[in-house]
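Derivation of every value follows stated rules applied to the coordinates shown; laboratory data play no part. As the structure is a prediction and not an experimental result, all values here were calculated from the model. Virtual Cβ from ideal backbone geometry, glycine too; neighbours counted across all protein chains shown.
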Amino acid sequence: MIRDTEIIRRIRNGDVGQFESLFRSSYVSLVRYAKTLIKDNDTAEEIVQDLFFRLWQDRGKLNIESSLNGYLFRSVHNRCLHYIEHNKVVERHAEEMSLSQSESPENPSDILNYKELQEKVARILERLPERCGMIFKMSRFEGLKYNEIAEKLSVSVKTVEANMGRALKEFRKELAQ
């Protein structure tokens, strides 16, 4: 059996066969582990696939001091925690948005400010690329989760996240002015 240091050295040197062997031997158990943390099989698979993609992409800088298996599981663990934290932020923001939308303005000044804000939001949405705007509306106005949007549009959750990030960046930039 090849030692971890030799596997890492081979991958660092671009040995595709060694990389594929590592992928095949680790993939199922890493997805299973990710699923225990995030409870969604598709997202668990995406997280593990992204880990291996980054591992291959950055193979020249690969420097693993611990066991290779430990490194892979720790990486999946950290990526899952990051995913969970990111979703919490997104959900908090969605709650804040829905609360602010449900509060009805009470005086004429509030009504005017509310209408101006609605117009600004509409203008921002018009400037966004079509899919980006659609994803934002599905998330914020229809209350769909990222995986639901991804399924409806036949795109990956990462694509949904990227488009939401772009839309939110535009909103932050415009609304800060």
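Report, in degrees rounded to the nearest 10, the 0 to 90 angle that the Cα long axis of helix 16-38 makes with the longest principal axis of the chain. Roughly 50 degrees, rounded to the nearest 10. Relative to the first principal axis of the alpha-carbon coordinates of the chain, what is the inclination of helix 108-127, with its axis defined by its Cα atoms, in degrees from 0 to 90 and to the nearest 10? Helix 108-127 sits at roughly 40 degrees to that axis. For percent of Cα pairs over 30 Å apart, several values are listed as (1) 41; (2) 13; (3) 38; flag the one computed from this structure. Entry (3). Counting only GluC sites (Glu not before Pro) that DSSP places in a loop and that have at most 14 other Cβ atoms within 10 Å, the longest clean stretch of the chain runs over 1-64.
At full extension, residue 112 and residue 97 could sit 3.6 nm farther apart than now, given 0.36 nm per residue minus the alpha carbon distance. Shape class of segment 21-100 from the Cα gyration tensor (axes a ≥ b ≥ c, square roots of the eigenvalues): prolate, since a/c reaches 1.5 or more and a/b is larger than b/c. From helices alone, the chain scores -27000 deg cm²/dmol at 222 nm; the rule is -39500 (n - 2.57) for each run of n ≥ 4 DSSP H residues, then divide by the residue total. Estimated at 0.36 nm per residue, the fully extended path between residue 15 and residue 69 surpasses their Cα-Cα distance by 17.6 nm.
Helix 41-57 and the longest principal axis of the C-alpha atoms of the chain enclose an angle of approximately 60°.
Beyond 14 Å, how much of the Cα-Cα pair distribution for segment 106-175 remains, as a whole percent? Taking all Cα-Cα pairs of segment 106-175, the fraction more than 14 Å apart is 61 percent. Contact order, relative form, for segment 1-152: 20 percent (alpha carbon pairs under 8 Å, 6 or more residues apart, mean separation divided by residue count).
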